[in-house]
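Undergrad: Provided herewith is a single structure, encoded as structure tokens, for subsequent inquiry.
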Amino acid sequence: MYQQLLQRIAGVLTRERIGYAVFSPPAGMVSGEPGRTNGVHILVGADLERARDVLDAVQTMRLTPLVEPYQFGRRTFVLPCIDPESGFRFDFAVARSPHEREALTRARSVDLGGGWVHFATLEDLVVHHITAGNSTDLEAATLLLRAHPSLDRAYIRDWLARNGPAAGSRLIHRFTALAGSTS
């Protein structure tokens with residue numbers, strides 16, 4: 001059912017010309033490890049001027065917003081929704097940072113057997129998880145690094161360093177520690 005939902009969402013976003021990338025699929029799809037949540041983070045390339053388009057797309061997808069869309073979206077730039085039939089949650093987040101906008105252009109199209117879906121690259125997922133920095137995200141980054149030792153680590157370091165001297169240094173240190181623990 002998960003794949004069918006993703007195909008439905010991808011089809012609507014593509015038809016509406018809203019750039020997107022599935023940014024945090026359940027861990028099992030990426031690392032082979034079981035996921036802990038039933039939610040999916042979808043990054044969308046829409047600014048506030050296209051907020052109405054995203055809301056219309058959510059309705060077309062037959063998803064139900066979990067909060068009042070306009071107020072919540074303006075504060076956090078995330079619109080949490082649920083598929084009422086499956087109970088599966090989808091969080092639509094606006095790509096705001098330079099890295100997030102770059103990640104949309106690097107997304108890989110994957111044929112799920114009935115439709116193509118754009119997924120963030122594994123390197124972009126690692127950058128996302130390390131930047132977020134909470135324990136769940138750091139564990140996800142560790143799983144990705146462990147499951148995929150050939151990731152482009154120079155790309156990851158470069159994007160982490162772009163967060164500025166202080167933050168970039170802290171993020172690179174975090175990445176180095178995680179990467180070392182996966183060897």
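Undergrad: Inside the stretch 124-147, can you point out the residues that are over 16 Å from HIS99 (Cα atoms), touching a residue at least 60 places away in the same chain (Cβ under 8 Å) and not hydrophobic (A, V, I, L, M, F, W, C)?
TA: Within the stretch 124-147, THR136, ARG146 qualify.
Undergrad: Looking at the stretch 83-102, is at least one residue of a type in the set (S, T, N, Q), under 16 Å from the mean Cα position of the chain (by Cα) and outside the structural domain of PHE175 (by TED's automatic domain parsing)?
TA: So far as the stretch 83-102 goes, yes, one or more of its residues are of a type in the set (S, T, N, Q), under 16 Å from the mean Cα position of the chain (by Cα) and outside the structural domain of PHE175 (by TED's automatic domain parsing).
Undergrad: Can you name every residue in the stretch 112-128 that is of a type outside the set (A, V, I, L, M), more than 12 Å from the chain's Cα centre (by Cα) and at pLDDT 90 or above?
TA: Once the filter is applied, which keeps residues that are of a type outside the set (A, V, I, L, M), more than 12 Å from the chain's Cα centre (by Cα) and at pLDDT 90 or above, the stretch 112-128 yields only TRP116.
Undergrad: Still on this structure: Pick from the stretch 161-183 the residues that are in contact with a Lys or Arg (Cβ under 8 Å, 6 or more places away or on another chain) and under 12 Å from THR131 (Cβ atoms): which of them is surrounded by the most Cβ atoms within 10 Å (Cβ to Cβ)?
TA: Filtering the stretch 161-183 for residues that are in contact with a Lys or Arg (Cβ under 8 Å, 6 or more places away or on another chain) and under 12 Å from THR131 (Cβ atoms), the one surrounded by the most Cβ atoms within 10 Å (Cβ to Cβ) comes out as PHE175.
Undergrad: Here is a follow-up. I'd like to verify a number: residues in the stretch 123-146 that are closer than 19 Å to ALA93 by Cα and surrounded by fewer than 19 Cβ atoms within 10 Å (Cβ to Cβ), how many?
TA: Final tally of qualifying residues: 5.
Undergrad: Take ARG75 and tell me if it is in the same structural domain as GLY39 (by TED's automatic domain parsing) and within 13 Å of the chain's Cα centre (by Cα).
TA: no
Undergrad: Go through the residues of the stretch 79-86 one by one and say whether even a single one is among the acidic types (Asp, Glu) and under 20 Å from SER24 (Cα atoms).
TA: Yes: the stretch 79-86 contains one or more residues that are among the acidic types (Asp, Glu) and under 20 Å from SER24 (Cα atoms).
The values are calculated or read from the model by the stated rules, or taken from the named source; none is laboratory data. As the structure is a prediction and not an experimental result, all values here were calculated from the model. Neighbour counts are summed over all protein chains in view; Cβ atoms, including those assigned to glycine, are modelled from backbone coordinates with ideal geometry.
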